[in-house]
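Asks: Take a look at this one; I'll ask things after.
The values are calculated or read from the model by the stated rules, or taken from the named source; none is laboratory data. Keep in mind it's a predicted model, so treat the numbers as computed, not measured. All Cβ positions, even for glycine, are placed from backbone atoms using ideal geometry, and neighbour counts span all protein chains on display. Just so you know, the surface numbers come from the protein's heavy atoms only, side chains and all, with ligands and any DNA or RNA stripped out. Shrake-Rupley method; radii C 1.70, N 1.55, O 1.52, S 1.80 Å.
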Amino acid sequence: MSVETTPVDEVGWQRQWDDAGLFHADLHPDRPKFYCLEMYPYPSGKMHMGHVRNYSIGDAVARFKRLMGFDVLYPMGFDSFGMPAENAAISEGGHPHDITERNMASITEQIKRMGFSYDWRRTLKSHDPRYYKWNQWFFTKFMENGLARREFAPVNWCQSCSTVLANEQVKAGRCWRCNGPVAQKEMSQWFLDLPAYCQELEDGLDSIAFPEHVKSLQLDWLGRSEGANIQFSIEGREETIDVFTTRPDTLFGATFVTLAPEHPLAESLVAGTEHEPVWREFHDEMATIAEFDRIKNMNKKKGIFSGRYAVHPLTEERVPIWFGNFVIATYGTGAVMAVPAHDERDFDFAKKYGIPIQRVLVMKEGADPAAPMSKAEIDLGWMVNSPVEGFDGLYGQAAKDAVCQALEERSRGHQTINWKIRPWLVSRQRYWGTPIPVIHCDDCGAVPVPEEDLPVELPRDVVFGHGNPLETSETFVNVDCPKCGKPARRETDTMDTFMDSSWYFLRYTDPLNDDQAFAKNIADHWMQVDFYCGGIEHAQMHLIYARFMTKALRDLGLTDVAEPFNELLCQGMVNKAAPFCQPCGITLPTVHEGSPCPQCGSELSSRSAKMSKSLGNTVSPEEMISLYGADTVRLFILFAANPTAGMDWSDTALDANHRVMVQMRSMPHQLTAWKVKPSPMDAWLDARMTQRTHEFCTAMDEYDLRRAVEISHYDIIKDINWYTRRGGENLEVAHRWLPIWAQMVSVSTPHLAEEWWANLDSTSTFVSGSTLPLPAPLTDEQNLVLSAEQYIRDVLEQARKVRVVAERHLGTSASQATFVVAPSWKRTMARAALTFIHDGGHPKKFIPILQEMPMTQGERKGEMIGFWGKKMLPQVFKWDDASKAVVASTMEEQAVLDAASAFIAVELGLEAVMVVVGESDHDDTGRSGSAMPLSPAVVYS
RNA sequence: GCGAGCGUGGUGAAACUGGUAAACACAGCGGGCUUAAAACCCGUUGACCGCAAGGUCUUACGGGUUCGAGUCCCGUCGCUCGCACCA
């Protein structure tokens, strides 16, 4: 690791930016706005590389947009409610508030050390009553408009977190946070009616620039399915059983009905019969078993008969009612019609319990309706064996429609759309969150806390460790009913912390407002978020809640915004190599490096794995910053991989990036040491820098940050090297481009850029507050200058390759070279062919055109046509667009080479370089046959 | 099982709506400058062959469409992610 001798004073620049209030987002009516946001972070005490990557990306975008003249809103704050702080309070003593504040102070300091351009005035924290007051206010509004409801329902209970979880927060039957088992528990809980917005949430995905895989994840969660609700009446009962099905076309094959054991009618169906104890045992087993185990045993279908019968809505036949372990109480209606002939699950179940299987579809038109069934035939088919007239022969949607119509005529069912996503369960039996602003009164029920009494603040006098801490605060719990004034009890559940992160982006637009959550005109001005950057792990929870909440707040009249985020970028993981055992297929902690596999004893290879504490392959940002500085870390992170790709941490690559930074420090010094000495190369560097500036802006506009950094920190250095190698050293050119280069550099390594900027006479203040004047597009002349230079580089490269073989033939080292430029008829042919193909002509049809051209009218006609097929046709497609443009341009190869012949001679270490046109009087090499446009033949001697 | 995506050098990876691969970087190798090293600069690096100006092969595998396929279509294999008795 090399150590910089004169490091940039990064902290000094950060202080100056801060003092100047450079990144304060203020409104200028004459400027476009840009809202750049990173996902609301939980304030753990230490910043990790994932943060650094996330914010380096966002900061580069924010800084670029400022250069482009936008008003940029780029805030930072903390999702500071949540269980880690509460758990820390329990395990180490202390209070979540103090732990959170301590962690926030520490991580804020580390984030600031990176020099990100946040408007720190706008910093939010969820646990600030000035913020969570509005969670409570929204909640009371939602109670008024019916969006918030209290329901007694089976919910997911995580024992180790001792709280309930929303459906989205259960992953494979386990808690998303602690990975502990999740059990079903019936409780009275608060829900937000997210399904009310299902259709809009699905449709909205078409209007925003989310990555396709995120859209697909969201569609999965919303889970739209089209089908029908069908009512089966129950023999001897008034109630009906509603079932949901996507296959009404198989209704005639329904030979039984299956209910979830927790179905609301279940208990009453079996009450007082011999089936009651069996059901009760079955129900209790299902209700209390951890869902994880239930899923594990999923393929063991289990059911019990209720002793009751339902009546088929169309045929009036008796069908038995069963309870099944595979029916989910909260999906659809909690009941299914079972069609064993055309559903695999029902088929297995019917086989196991000896229930009849009735074919009602055939898979081929006109097939035998009586064909035996060896397995369920689940595809769409043609209806057969219908006990009612007018259905046989119908297929697919027509069959479904016909059945639904028959049901509607009898008022026994209707078409409907079912969604998998369920109401958002927002109650949590934990302390460190927003208190739900409700007072329970024996007479008035659940009464919302009046607006003037908000916020309901978290009390400090609580005891942690035994159940819900809020229940231990007498002063909190005991209140009078706001309606009738009698003694009542305060709600002790707090809100899911995803509530906080579902609208924080709106609060950032107007963070200090104490009269409203945010002023409508201000929020509408800044929203929506133009660029949102964060991890893929929030693709379904946070990003669904936030979209829902935005729509719900819009419907309260608070904004006009329907979608919170437009462009979403999910940055890739930060990985680092860790030991890997090929035979066992496992990645091991880094402590095993260099030793054999602890399980099988074989030698370990290495594999890149996500940085994690458990593997021990983490890298501390603090340490890297202290060794190399923030700029180097930022450069490395942006250059190592595209934002969306996973990146591998590499110490050697980091070191290489640091060398670039060290080298770049001296660039202005080097350039301003040039003299006022114009040369023909000045026009080239002018054109090149113009081109680079445009390329840079295009890359940044496309969020191709890696390419942008490559231009600003690598390509331009090479361009300058080439310029000086070709004899350029004009101070005026340096003065022209150093400021713009500094601006490009400032996007990723702002501290270095400030050093540059400060040393330029022509500039004042800060590069970070400047705007970049986009140079005029390249003129034709400039393009020609660039082409000519590229031509020389290509010719040189080719000449080097040829030389090795040529000298083998010469038997000695070459002392001179003759460049034979292709005779003009070849270029004429190439131009004609390019025009022909460009205008849509088919390559095979070019020969007739060629035969008509004046140049082919002589005795060389046959030779030229042969040349076309053998050499020119493949070549025409090998040229890239730039080369094609050069072929079509007025560039004279001979003139360009003549002008550069001295340079070429020096580069190749030759005494003399001659240039001749092939087939001319000067050409005595006899090699012009192999010369092509842009590719002269080289003859060494 | 369903859905989405992916498969390119020693390595990380580029390649726009099909235009004739491997840009750029890392690692390696050769050279320059140095007493020497570092830094820096220049060159070189998919494979095989070569009669000098090049040829042949190559984007997991097998087919197809096309003047032309990493890119489009069909099939096979492998990997990643998400969902999952979802009715």
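Asks: Check A:THR856, A:THR890 and return the single one that is of a type in the set (Ser, Thr, Tyr), away from RNA strand B (no atom under 14 Å from the Cβ) and surrounded by 17 or more Cβ atoms within 10 Å (Cβ to Cβ). First the steps, then the outcome.
Replies: Values: A:THR890 fails: surrounded by 17 or more Cβ atoms within 10 Å (Cβ to Cβ).
On inspection, the qualifying residue turns out to be A:THR856.
Asks: Could I ask something else about it? Quick check on my filter: what residues within the range A:916-941 are assigned to a loop (DSSP other than H, G, I, E, B) and closer than 13 Å to A:GLN816 by Cβ?
Replies: A:THR925, A:SER941 - these are the residues of the range A:916-941 that are assigned to a loop (DSSP other than H, G, I, E, B) and closer than 13 Å to A:GLN816 by Cβ.
Asks: Moving on. Say whether the condition of being open to solvent by 60 Å² or more (accessible area, probe 1.4 Å) and in a loop (DSSP other than H, G, I, E, B) is met by at least one residue in the range A:735-755.
Replies: No.
Asks: Right, next: Counting residues that are of a type in the set (A, V, I, L, M), which helices (runs of 4 or more DSSP H) fully inside the range A:599-687 reach at least 3?
Replies: The qualifying helices (runs of 4 or more DSSP H) are A:621-628, A:630-640, A:651-665.
Asks: Sticking with this structure for a sec: Given the options A:GLU226, A:GLU238, name the one that is modelled with pLDDT under 90 and exposed (fewer than 13 other Cβ atoms within 10 Å of the Cβ).
Replies: A:GLU226
Rundown of residues vs (1) of a type in the set (Asp, Glu); (2) touching a Cys at 6+ places or on another chain (Cβ under 9 Å); (3) over 19 Å from A:GLY94 (Cβ atoms); (4) open to solvent by 50 Å² or more (accessible area, probe 1.4 Å), yes/no style:
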{"position": "A:THR434", "(1), (2), (3), (4)": "no, no, yes, no"}
{"position": "A:PRO450", "(1), (2), (3), (4)": "no, no, yes, no"}
{"position": "A:VAL462", "(1), (2), (3), (4)": "no, no, no, no"}
{"position": "A:THR475", "(1), (2), (3), (4)": "no, no, yes, yes"}
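Asks: Next question, about the same structure. Can you list the strands (runs of 3 or more DSSP E) found entirely within the range A:484-594 that contain at least 1 residues being polar (S, T, N, Q)? Spell out how you get there, then give the answer.
Replies: On the way: elements: A:487-490, A:529-534, A:565-570, A:574-581.
Where strands (runs of 3 or more DSSP E) fall fully within the range A:484-594 and carry at least 1 residues being polar (S, T, N, Q), they are A:565-570, A:574-581.
Asks: Give me the residue from the range A:710-725 that is open to solvent by 20 Å² or more (accessible area, probe 1.4 Å) and of a type in the set (S, T, N, Q) and, out of that set, nearest to RNA strand B (Cβ to nearest atom).
Replies: Going through the qualifying residues, I end up with A:ASN721.
Asks: So, A:ALA148, is that one surrounded by fewer than 21 Cβ atoms within 10 Å (Cβ to Cβ), touching a residue at least 40 places away in the same chain (Cβ under 8 Å) and not basic (Lys, Arg) or not?
Replies: no
Asks: Which members of the range A:634-667 meet the condition of being among the hydrophobic types (A, V, I, L, M, F, W, C) and over 25 Å from the mean Cα position of the chain (by Cα)? Spell out the reasoning first.
Replies: Going residue by residue through the range A:634-667, those that are among the hydrophobic types (A, V, I, L, M, F, W, C) are A:635-641, A:645, A:647, A:649, A:653-654, A:656, A:660-662, A:664, A:667.
Hits for the range A:634-667 are A:ALA653, A:LEU654, A:ALA656, A:VAL660, A:MET661, A:VAL662, A:MET664, A:MET667.
Asks: When the range A:322-350 is examined, which residues are found to be of a type in the set (D, E, K, R) and either closer than 21 Å to A:ALA266 by Cα or buried (at least 21 other Cβ atoms within 10 Å of the Cβ) (or both)?
Replies: Across the range A:322-350, the qualifying residues are A:ASP343, A:ASP346.
Asks: Follow-up question, since we're still on this one. If you check A:ALA196 against the conditions, is it modelled with pLDDT of 85 or more, buried (at least 21 other Cβ atoms within 10 Å of the Cβ) and of a type in the set (Gly, Ala, Ser)?
Replies: no
Asks: Another question, if that's okay. Just to be sure, is A:ALA329 under 47 Å from the mean Cα position of the chain (by Cα) and closer than 18 Å to A:ILE241 by Cβ?
Replies: Yes: the conditions hold for A:ALA329.
Asks: Restricting to the range A:316-349, name every residue that is at positive phi and more than 8 Å from RNA strand B (Cβ to nearest atom).
Replies: Passing the criteria: only A:GLU316.
Asks: Here's a follow-up. Can you give me the ranges of the strands (runs of 3 or more DSSP E) entirely in the range A:385-469 with at least 1 residues that are aromatic (Phe, Trp, Tyr)? Can you show your working first?
Replies: Values: elements: A:413-419, A:438-441, A:445-448.
Per the criteria, A:413-419.
Asks: Please count how many residues of the range A:200-212 are touching a residue at least 40 places away in the same chain (Cβ under 8 Å) and open to solvent by 50 Å² or more (accessible area, probe 1.4 Å). Can you show your working first?
Replies: Filtering the range A:200-212 for residues touching a residue at least 40 places away in the same chain (Cβ under 8 Å) gives A:200-201, A:204, A:207-211.
The next check asks that each one be open to solvent by 50 Å² or more (accessible area, probe 1.4 Å); those that pass are A:200, A:207.
Number of matching residues: 2.
Asks: Additional query: Mind checking which residues of the range A:684-709 are within 11 Å of RNA strand B (Cβ to nearest atom) and in contact with a Phe, Trp or Tyr (Cβ under 7 Å, 6 or more places away or on another chain)?
Replies: A:ARG706, A:VAL709
Asks: Those residues that are modelled with pLDDT of 80 or more and surrounded by fewer than 16 Cβ atoms within 10 Å (Cβ to Cβ), I need them from the range A:803-819; list them, please.
Replies: A:SER815, A:GLN816
Asks: Can you tell me which of A:VAL887, A:VAL913, A:VAL896 is outside any helix (DSSP H, G or I) and not assigned by TED's automatic domain parsing to the domain that holds A:ARG725?
Replies: Residue meeting the stated conditions: A:VAL913.
Asks: Name the single residue that is nearest to A:LYS610 (Cα to Cα) among those in the range A:632-669 being β-branched (Val, Ile, Thr) and within 10 Å of RNA strand B (Cβ to nearest atom).
Replies: Looking at residues that are β-branched (Val, Ile, Thr) and within 10 Å of RNA strand B (Cβ to nearest atom), I get A:THR644.
Asks: Okay, next question. Just to verify a result, which residue in the range A:820-847, among those that are open to solvent by 70 Å² or more (accessible area, probe 1.4 Å) and assigned to a helix (DSSP H, G or I), is modelled with the lowest pLDDT?
Replies: Kept after step one, since they are open to solvent by 70 Å² or more (accessible area, probe 1.4 Å), are these residues of the range A:820-847: A:824, A:831, A:835, A:838-839, A:842, A:844-845.
Then drop every residue that is not assigned to a helix (DSSP H, G or I), which leaves A:824, A:831, A:835, A:838, A:844-845.
Working: A:SER824: 86, A:ARG831: 87, A:THR835: 84, A:HIS838: 79, A:LYS844: 76, A:LYS845: 80.
Here the answer is A:LYS844.
Asks: Which condition does A:ALA899 not pass, out of (1) aliphatic (A, V, I, L, M); (2) away from RNA strand B (no atom under 15 Å from the Cβ); (3) open to solvent by less than 70 Å² (accessible area, probe 1.4 Å), if it passes all the others?
Replies: (3)
Asks: For the range A:697-706, which positions are under 17 Å from A:LYS65 (Cβ atoms), in contact (Cβ under 8 Å) with a residue 12 or more places away in the chain and surrounded by fewer than 23 Cβ atoms within 10 Å (Cβ to Cβ)? Show your work before the answer.
Replies: First pass over the range A:697-706, keeping only residues under 17 Å from A:LYS65 (Cβ atoms): A:697-705.
Cutting the leftovers down to in contact (Cβ under 8 Å) with a residue 12 or more places away in the chain gives us A:697, A:699-700, A:703-705.
Listed by number, the residues that qualify are A:CYS697, A:ALA699, A:TYR703, A:ASP704.
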